[in-house]
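Inspection log for the structure reproduced underneath, given as structure tokens.
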Amino acid sequence: MTVEEARLLSIAMTFADIVPDLKSSLPKLRGRLLANQPLAELTWFRVGGPAQALFMPEDEDDLAYLLAGLPREIPVTVIGLGSNLIVRDGGVAGIVIRLGRGFNQIECEEGNRVRAGTAVPDQRVARATLDAGIAGLAFLRGIPGAIGGALRMNGGAYGRETRDILVEARGVDRAGNIHVYSNPEMGFGYRHCDVPEDVVFTAALFQGEPGDPAIIAAEMDKITQAREATQPVKSRTGGSTFKNPEGHKAWQLIDAAGARGLVVGDAQVSELHCNFLINRGNATAADIEALGEEVRRRVREQNGIELQWEIKRIGNN
């Protein structure tokens, strides 16, 4: 499929407009609710079709009101900053929720704690802890995306993970009930948590330790330099594509399978870091996903290891 074909498909692939009925049945909604809203511009890959309905709640109460009153047969999908995401070209049916200003606060509290909304970029939290002289969270500088994604995937970089700093997380379930999950209740694993997928995280509380701002700044500078030297951070990419299999590095397996620089359509395996896929400018979501599947096939045939996607893929082909 060419880019033009994908563009025409996304135009043709409009869903039934459910927004009027939702607004009628949920008259107290305060957030923006938009029908057939393009999602490509909300992802780092800049690909994909529309959301049947895109909802941007004003705050946690607004989100809970929607979820409590939403018919169970309407699917719900949550997206963050779109850094670790492929939206397929056919778009996403049901409600797509994207948290914004009402979930974008950071507060540094007594005891070297930091409370952040889940729409806050990870890097902004790292910066806030630097300003407050709180050590232990500098690794967030190396994680693209927002706090919500870090909670859902136990995001980590440079030797630390979200579970190392989390005190508790707050979220709203599909019935509109608010829950607070302690660190053990999150059930963290490698790029995984056990909290049900239908829970929308809204805030997190992190624990740091007293630190010297100069030392914290130096650590963050080192992380920034390492990322820029080893990752295609200025390209249209989605971050690490595949999870590291136990005992292996995904990029080494991909390299050994001869997939560095491999191209499908206008999608390419990065020459700089081959666990990154790149949209060279005119790729479709189908190109990117097909490239990833070809990489998985080559690695499987090379050494029998089945790479697992780390990037989240949503929507219809």
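Which of the residues spanning the range 126-150 are more than 22 Å from Thr237 (Cβ to Cβ) and either of a type in the set (Gly, Ala, Ser) or within 19 Å of the chain's Cα centre (by Cα) (or both)? Passing the criteria: Ala128, Ala132, Gly133, Ala135, Gly136, Leu137, Ala138.
For the range 259-293, the tally of residues that are outside any loop (DSSP other than H, G, I, E, B) and farther than 27 Å from Ala93 by Cα stands at 3.
Ile215 passes every criterion in (1) open to solvent by 40 Å² or more (accessible area, probe 1.4 Å); (2) in a helix (DSSP H, G or I); (3) within 28 Å of Arg313 (Cα to Cα); (4) touching a residue at least 24 places away in the same chain (Cβ under 8 Å) apart from (3). Where strands (runs of 3 or more DSSP E) fall entirely within the range 106-178, those with at least 1 residues that are in contact with a Gly (Cβ under 8 Å, 6 or more places away or on another chain) and of a type outside the set (Phe, Trp, Tyr) are at 106-109, 113-117.
Got at least one residue in the range 129-145 being open to solvent by 20 Å² or more (accessible area, probe 1.4 Å), farther than 23 Å from Thr224 by Cα and touching a Ser or Thr at 6+ places or on another chain (Cβ under 6 Å)? No, that holds for no residue. Condition test on Val199, is it of a type in the set (A, V, I, L, M), within 20 Å of the chain's Cα centre (by Cα) and modelled with pLDDT of 95 or more? It is true that Val199 is of a type in the set (A, V, I, L, M), within 20 Å of the chain's Cα centre (by Cα) and modelled with pLDDT of 95 or more. For Val264, the conditions (1) among the β-branched types (Val, Ile, Thr); (2) modelled with pLDDT of 95 or more; (3) closer than 30 Å to Val76 by Cα; (4) buried (at least 19 other Cβ atoms within 10 Å of the Cβ) all hold with the exception of (3).
Among residues of the range 224-258 being crowded, with 20+ Cβ neighbours inside 10 Å and aliphatic (A, V, I, L, M), the one that is farthest from the chain's Cα centre (by Cα) is Ala257. Of all residue pairs spaced 6 or more apart or on separate chains, those with beta-carbon atoms under 7 Å, a first member in the range 23-34 that is open to solvent by less than 90 Å² (accessible area, probe 1.4 Å) and a second member that is among the basic types (Lys, Arg) are Leu29/Lys23; Leu33/Lys23. Would you point out the residue of the range 278-317, among those that are of a type in the set (Lys, Arg) and open to solvent by 40 Å² or more (accessible area, probe 1.4 Å), that is farthest from Asp266 (Cα to Cα)? Out of the qualifying residues, it is Arg300. Here Arg313 clears all of (1) in contact with a Ser or Thr (Cβ under 9 Å, 6 or more places away or on another chain); (2) assigned to a strand (DSSP E or B) except the condition numbered (1). Figure legend. Inter-residue proximity from the range 109-138: first residues closer than 17 Å to Asp164 by Cβ and acidic (Asp, Glu), second residues assigned to a strand (DSSP E or B) and open to solvent by less than 40 Å² (accessible area, probe 1.4 Å), beta-carbon distance below 8 Å, spacing 6+ or different chains. Indicated pairs: Asp122/Ala146.
The set of residues from the range 38-49 being touching a residue at least 24 places away in the same chain (Cβ under 8 Å) and open to solvent by 10 Å² or more (accessible area, probe 1.4 Å) comprises Pro38, Ala40, Leu42, Trp44, Arg46, Gly48.
The values are calculated or read from the model by the stated rules, or taken from the named source; none is laboratory data. As the structure is a computational prediction, the values presented were derived from the model and not from experiment. Here Cβ is always computed from backbone atoms with ideal geometry, including for glycine, and neighbour counts include all displayed protein chains. Surface areas here come from the heavy atoms of the whole protein model, side chains and all, with no ligands, DNA or RNA. Shrake-Rupley method; radii C 1.70, N 1.55, O 1.52, S 1.80 Å.
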